[in-house]
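To start, the structure itself, in structure tokens.
Quick note: the coordinates plus some simple rules give every number you see, no bench work behind them. Model, not experiment: these values are computed from the prediction. Cβ: placed from backbone, ideal geometry, glycine included. Neighbour counts: every protein chain shown.
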Amino acid sequence: MSRITIDAARCTRCGTCAATCPEAIFAAGEADATPKIVHESVCTSCGHCVAICPHDAIHHSDFPEGSIRPVDHDRLPSHEQVLELLRARRSLRDFEDEPVERELLEKVLDAARFAPTAHNTQSTEYIVIQDKAALDQVSELTARYFAAIAKQIRNPLTRVFVRMMSGSTYESVLGLLPDLEMLVEAAHEGKDLILRGAPCLVVCHAEVSVHFPDQNATLALHNATLAAETLGLGSFHLGYIVGACKRDKRIARLLDIPKNHEVYGAMAFGHPKRRFTKWIERKPPRVRWV
Ligand SMILES: Cc1cc2nc3c(=O)[nH]c(=O)nc-3n(C[C@H](O)[C@H](O)[C@H](O)COP(=O)(O)O)c2cc1C
């Protein structure tokens, strides 16, 4: 049975669906006929056809009643408001020693799911870790992984493997060393420079067969960090944890991540001890207009 149907009584043959569908599923029909649905099997259920049809003539089985709502353009923030949010968002690493309310985290993840995903797979999954012992274990495993990497970088023979593994230049591999040594030394002294005392860690994972899983997770986390900012929460990306997860499966096992999945993003959240009161200039964009 067809997933997409067109209500002939409502359709005005305006062609909006055909012009919008990224998969070219709608083809002009004969003379006065409604558009034809062709190769529907490639439909990614992005819902563009349903969301744009000015006459509500398109029905898609993935979007039953209640899953389609009007956009209130009057409620959209202005360009200046969005810019203020983008400038106000900073990585925050100094948190109150208190848990983050589940209701707030649900709002943050609700925002994350509206990020674009390649082929609209919406395949990013999340693990929310608030258990102190589990958080400490993740930090410890990450620090141990980077202690081993730092040791390999120090040795000119094993440095070759690190360079090959990371696909980076010798300079950038060597450039990592001071940061890694600081991280490892701090861990020895009982200081956590990975999670930095954050009370909540969100780890993103997805099936390895998905298209662009890293980008999907990063975009979802960017939505999440912006939403967190508007809710008064602080957050920061945890590339260290993602890097450790790529090569060391102990964290994935600890978090019970399915075997055919990988970790593609991680972000810490918490109530900030203090908030940034100023925004700082950035480099101008380096652009070539052609
Ligand atoms: C992919 C990625 C990975 C990052 N990993 C870490 C991390 O492991 N630890 C950390 O403290 N900050 C991490 N950051 C935060 C950056 O250091 C931070 O975004 C950058 O210094 C700019 O500061 P801002 O986020 O306040 O604008 C990461 C950021 C990105 C985009």
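Couple of notes before you dig in:
- Straight-distance candidates among the lysines for linking to Lys246, with alpha-carbon spacing under 27 Å and chain neighbours fewer than 8 residues away dropped: Lys132, Lys151, Lys191, Lys259.
- Dipole magnitude for the chain: computed about the Cα centre from +1 point charges on Lys and Arg Cβ and -1 point charges on Asp and Glu Cβ, it is near 1160 debye.
- Label zone at Thr158 (point 7 Å along Cα-to-Cβ), backbone N below 19 Å, region 238-269: 243-251
- Cβ-Cβ FRET estimate between Ala19 and Arg288, R0 fixed at 45 Å, reported to 0.05: 0.90
- Its residue count N fixes a reference of 2.2 N^0.38 Å for region 49-108, and the Cα radius of gyration divided by that reference is 1.79.
- Summarising the amide proton neighbourhood of Lys191: residues at separation of 5 or more, or on other chains, whose placed amide H is nearer than 5 Å comprise an empty set.
- In terms of Cα atoms, the Rg and Dmax of region 127-243 work out to 16.0, 49 Å.
- Over the chain, Cα pairs under 8 Å with separation of 6+ residues give a relative contact order of 22 percent.
- Farthest positive-ward along region 68-152 dipole, Cα basis, beta-carbon charges - from Ser123, Leu85, Ala133: Ser123
- Residue by residue, region 137-148 carries 3J(HN,Hα) couplings of 5, 4, 4, 5, 5, 5, 4, 5, 4, 6, 5, 5 Hz when phi is fed to the Karplus relation 6.51 cos²θ - 1.76 cosθ + 1.60 (θ = phi - 60°); x denotes Gly or Pro.
- Across region 184-290, the volume of the C-alpha convex hull divided among the residues equals 184 Å³ per residue.
- Unit charges at the beta carbon, dipole of region 228-290: most positive-side option, Trp279, His237, Asn260: Trp279
- In a simple Cβ point-charge model (Lys, Arg +1; Asp, Glu -1; nothing else charged), region 185-279 has a dipole of about 240 debye relative to its Cα centre.
- Note that region 83-89 has calculated 3J(HN,Hα) couplings of 4, 4, 5, 5, 7, 6, 5 Hz, one per residue in order, obtained from phi through the Karplus relation 6.51 cos²θ - 1.76 cosθ + 1.60 (θ = phi - 60°); glycine and proline are x.
- Taking His261, His119, His55 as the candidate residues, the one with maximal mean-square fluctuation in a Gaussian network model of the chain, Cα springs under 10 Å, is His55.
- Degrees separating the helix 156-166 axis from the principal Cα axis of the chain, which is the longest one: 20
- Euclidean distance of C-alpha centroids, region 64-113 and region 228-290, integer Å: 16
- Beta bridge orientation in the chain: antiparallel %, DSSP, nearest 5: 95
- Region 141-191 - charge dipole about Cα centre, Lys and Arg +1 at Cβ, Asp and Glu -1, debye rounded to 20: 200
- Comparing Met182, Leu201, Pro54 along the charge dipole axis of the chain, the residue lying farthest to the positive side is Met182, per the Cβ-charge model.
- For the chain, the equivalent ellipsoid derived from the Cα gyration tensor has semi-axes of 43, 23, 19 Å, listed largest first.
- All Cα-Cα distances of region 1-72, cut into 5 Å bins from zero to the largest, leave 3, 17, 31, 27, 16, 4, 1, 0 percent in each bin in turn.
- Kirkwood hydrodynamic radius of region 134-179, from inverse mean 1/r over distinct Cα pairs, in Å: 11.1
- Applied to region 170-185, the Karplus parametrisation 6.51 cos²θ - 1.76 cosθ + 1.60 on θ = phi - 60° returns per-residue 3J(HN,Hα) values of 4, 4, 6, 5, 5, x, 6, 4, x, 5, 5, 5, 5, 4, 6, 4 Hz, with x for Gly and Pro.
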